[in-house]
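Asker: Structure below; questions to follow.
The values are calculated or read from the model by the stated rules, or taken from the named source; none is laboratory data. Quantities reported herein were computed from a predicted structural model and do not represent experimental measurements. FYI the Cβ positions are ideal-geometry reconstructions off the backbone, even for glycines, and counts take in every protein chain you see. Surface accessibility is based on the protein's heavy atoms, side chains included, excluding ligands, DNA and RNA. Shrake-Rupley method; radii C 1.70, N 1.55, O 1.52, S 1.80 Å.
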Amino acid sequence: MVLGDIAEPGTAERLVATAAADGSRLRGIVHCAMVLDDAVLTNVSDEQLAKVWLPKAVGAWHLHQATAGHPLDWFAAFSSMASLLGNPGQGAYAAANSWLDGFAAWRSGQGLPTLAVNWGPWGEIGVATDFGRRGYRTIPTDQGMAALHSLLARRRVQTGVLPGPPETWLPSAGRHLPFFSAVAASGERPADRPAGPDDTEDLRARLVALPAGLARRAALEDFLAGHVRAVLRLGDGPLDPQTPLKSLGFDSLLAMELRGRVERSAGVTLARDFVWQHPTLAALAEGVAGLLGLELTAT
């Protein structure tokens, strides 16, 4: 067994030498190293970028160089759906995986069979098992291995493997774009639909038409609850306005997604920590109403 950092010089060479030490032919490589260090794109530091980039990109290159004298049957690089669809707070990770996708195309162009799999979350092992607890479909290990076998057998170069309906994973801001038209669902709930040019006017007009007090508050809370359900992939059941959002499963990435959705659909600009400063649905409604210049309490 060889342990080491694949991004460090010499590790890949030791791995290859050990695998072929008994005269066996080295037939394939699985490159699935990864490190996450999430941050909003404008806040990504050089250190964070390197931490995410090195195991994915530099590690793949080291394995490419170390196997130069070995006629591999396959080289499987584990990429991510992040490079296809993006993910809030994972700009560095998406970039590293995008490089890996290009690497697979380049190696294949050299006549070296290479596959990049843009994986969705695996549900039984790995760093994405929490997706299942948040209501997302995930990839069972046996189905993931079967998919990998099928893609290698068919000599694919790059393929996305996503669990459940593809539209589940489309970013809300891009569902209306032609790029996603082939996989987007024909019908979406209003909260899942990206805001159009008149949506902000409609929201404020609807709220203004209601008297300040319970009716206006309920309408705004219902509007925000729709976005909370969409982000968490919840059903249509009621949400208690006083329930802390963290208890529903919100983390920093989901908070960023919620903030972006509310900004687009309500036509407001929210502070980066807005969701954490307004930790319940009721508090969110108060904060958004203030930005819209509306009173929620009858005077």
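Asker: Taking 7 Å along the Cα-to-C-beta vector as the label spot, tell me the ARG204-THR159 distance in nanometres, rounded to one decimal.
Answerer: 5.0 nm
Asker: Expressed as a rounded percentage, what relative contact order does the stretch 60-150 have, with Cα pairs under 8 Å and six or more residues apart?
Answerer: Averaging sequence separation for qualifying contacts and normalising by length gives 25 percent for the stretch 60-150.
Asker: Would you tally the net charge around TYR93, using a Cβ to Cβ cut-off of less than 14 Å, leaving TYR93 out, and scoring K and R as +1, D and E as -1?
Answerer: -1
Asker: Okay, next question. By its C-alpha gyration tensor, with a ≥ b ≥ c as the square roots of the eigenvalues, how is the stretch 81-176 shaped: rounded for a/c under 1.5, else prolate for a/b larger than b/c, else oblate? Provide the component values of the computation, followed by the final result.
Answerer: On the way: a/c = 1.99, a/b = 1.32, b/c = 1.51.
It is oblate, given that a/c is not under 1.5 and a/b is not larger than b/c.
Asker: Further, regarding this structure: Can you list which of the chymotrypsin sites (Phe, Trp or Tyr not before Pro) found in the stretch 209-299 are DSSP loop residues with at most 14 other C-beta atoms within 10 Å?
Answerer: Passing sites in the stretch 209-299 do not exist.
Asker: In the chain, what percent of the accessible surface is made up of carbon and sulfur (1.4 Å probe, ligands and nucleic acids excluded)?
Answerer: Here carbon and sulfur together make up 57 percent of the probe-accessible area.
Asker: Quick one: if the Förster radius is 25 Å, what FRET efficiency do GLU286 and ASN43 give, using the C-beta to C-beta distance and rounding to 0.05?
Answerer: Working: r = 27 Å, r/R0 = 1.09.
With a Förster radius of 25 Å, E is 0.35.
Asker: Next question, about the same structure. Write down, largest first, the equivalent ellipsoid semi-axes of the stretch 41-85 in whole Å, where each equals the square root of 5 times an eigenvalue of the alpha-carbon gyration tensor.
Answerer: 27, 14, 5
Asker: Oh, and also: Given +1 on the Cβ of Lys and Arg, -1 on the Cβ of Asp and Glu, and no further charges, what dipole in debye does the chain carry about its Cα centre, rounded to the nearest 20?
Answerer: On the way: 26 positive and 30 negative charges, 130 e Å.
With only Lys, Arg, Asp and Glu charged at Cβ, the dipole is about 620 debye.
Asker: Can you tell me, using C-alpha contacts under 8 Å and at least 6 residues apart, the relative contact order of the stretch 8-137 as a whole percent? Each step should come with its number before you reach the end.
Answerer: Numbers: 171 pairs, mean separation 33.5, N = 130.
The value is 26 percent.
Asker: Report the normalised scattering of the chain as log10 I(q)/I(0) at q = 0.15 Å⁻¹, calculated by the Debye formula with identical scatterers on the alpha carbons.
Answerer: Debye curve over Cα of the chain, log10 I(q)/I(0) at q = 0.15 Å⁻¹: -1.17.
Asker: If one computes the Cα centroid of the stretch 227-299 and of the stretch 113-171, what distance in Å separates the two points?
Answerer: Between the Cα centres of the stretch 227-299 and the stretch 113-171 lies a distance of 30 Å.
Asker: Decide, for the stretch 31-142, between rounded, prolate and oblate: order the square roots of the alpha carbon gyration tensor eigenvalues as a ≥ b ≥ c, take rounded if a/c falls under 1.5, and otherwise choose prolate if a/b is larger than b/c, else oblate.
Answerer: Because a/c hits 1.5 or more and a/b fails to exceed b/c, the stretch 31-142 counts as oblate.
Asker: Considering Cα pairs under 8 angstrom that are at least six residues apart, work out the relative contact order of the chain and quote it in whole percent.
Answerer: 13 percent
Asker: Quick one: helix 252-266 against the long Cα principal axis of the chain, what's the angle to the nearest 10°, folded into 0 to 90?
Answerer: 50 degrees
Asker: I've got another one for you. Find out how many positive minus negative residues lie around GLU221, taking Lys and Arg as positive, Asp and Glu as negative, among other residues whose Cβ is under 14 Å from that of GLU221.
Answerer: +1
Asker: Report the trypsin sites (Lys or Arg not before Pro) located in the stretch 1-74 that are in a DSSP loop and have at most 15 other Cβ atoms inside 10 Å of their Cβ, or state none.
Answerer: Answer by residue number: ARG25, ARG27.
Asker: Counting heavy atoms of the protein chains only and a 1.4 Å probe, report the per residue accessible area for the chain as a whole number of Å².
Answerer: Values: 15320 Å² over 299 residues.
The answer is 51 Å² per residue.
Asker: Ok, one more. So what's the angle, to the nearest 10 degrees on a 0 to 90 scale, between helix 91-109 and the longest Cα principal axis of the chain?
Answerer: 40 degrees
Asker: How large is the helix-only mean residue ellipticity at 222 nm for the chain, computed as the sum of -39500 (n - 2.57) over DSSP H runs with n ≥ 4, divided by its residue count, in deg cm²/dmol to the nearest 500?
Answerer: Only helices count here, giving -12500 deg cm²/dmol.
Asker: Now for a different question. Helix 281-292: angle to the longest alpha-carbon principal axis of the chain, degrees 0 to 90, nearest 10?
Answerer: Approximately 70 degrees, to the nearest 10.
Asker: Within the set of other residues whose C-beta is less than 9 Å from the C-beta of ALA66, count the net charge using Lys and Arg as +1 and Asp and Glu as -1.
Answerer: Charge balance in the 9 Å sphere: 0.
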